[in-house]
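This report concerns only the one structure given below.
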């Protein structure tokens, strides 16, 4: 399952540079699948819809940092634990129960993001 950032976030930004998928954004910032990945062309999102990888999507949060579940792999294939959670000083990077994914699915997503 993806990781989410809760409202307890203090906007310190420690998590953002740690994400190997560039899935973490400052509140209010638009995000794109192509940001920091090797993806070009069309990409299938978790909800089954397809978008151009460079399309800017609405921010998931306006007030605090957020993680795009479409890009989060829980650091599978990179690290033993999610790096955002490892560096968060207030423990607000937690599993997002809305996005249940197996390790195999997370690794498959990683491969799609880093072509």
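Can you spot a residue in region 46-59 that is assigned to a loop (DSSP other than H, G, I, E, B) and touching a residue at least 40 places away in the same chain (Cβ under 8 Å)? Scanning region 46-59 turns up at least one residue that is assigned to a loop (DSSP other than H, G, I, E, B) and touching a residue at least 40 places away in the same chain (Cβ under 8 Å). The residue that is nearest to residue 12 (Cα to Cα), among those in region 82-101 that are modelled with pLDDT of 95 or more and loosely packed, with under 11 Cβ neighbours inside 10 Å, is 89. Checking residue 39 against (1) assigned to a loop (DSSP other than H, G, I, E, B); (2) farther than 22 Å from residue 5 by Cβ; (3) without any contact (Cβ under 8 Å) to a residue 24 or more places away in the chain, which single condition isn't satisfied? Going through (1) assigned to a loop (DSSP other than H, G, I, E, B); (2) farther than 22 Å from residue 5 by Cβ; (3) without any contact (Cβ under 8 Å) to a residue 24 or more places away in the chain one by one, residue 39 breaks only (3). Any chance region 1-8 includes a residue that's crowded, with 21+ Cβ neighbours inside 10 Å and at pLDDT below 95? Yes, region 1-8 has at least one match. Those residues that are surrounded by 18 or more Cβ atoms within 10 Å (Cβ to Cβ) and assigned to a loop (DSSP other than H, G, I, E, B), I need them from region 21-35; list them, please. Across region 21-35, the qualifying residues are 21, 22, 23, 32, 33, 34, 35. Can you tell me which residue is farthest from residue 4 (Cα to Cα) among those in region 68-115 that are touching a helix residue (DSSP H, G or I) at 6+ places or on another chain (Cβ under 6 Å) and assigned to a loop (DSSP other than H, G, I, E, B)? Among residues in region 68-115 that are touching a helix residue (DSSP H, G or I) at 6+ places or on another chain (Cβ under 6 Å) and assigned to a loop (DSSP other than H, G, I, E, B), the one farthest from residue 4 (Cα to Cα) is 77. Just one of the listed residues (26, 16) is on the phi < 0 side of the Ramachandran plot and touching a strand residue (DSSP E or B) at 6+ places or on another chain (Cβ under 6 Å), namely 16.
The values are calculated or read from the model by the stated rules, or taken from the named source; none is laboratory data. This is a predicted model, so every value here is computed, not measured. So basically every Cβ, Gly included, is an ideal-geometry build from the backbone, and we count neighbours across all protein chains shown.
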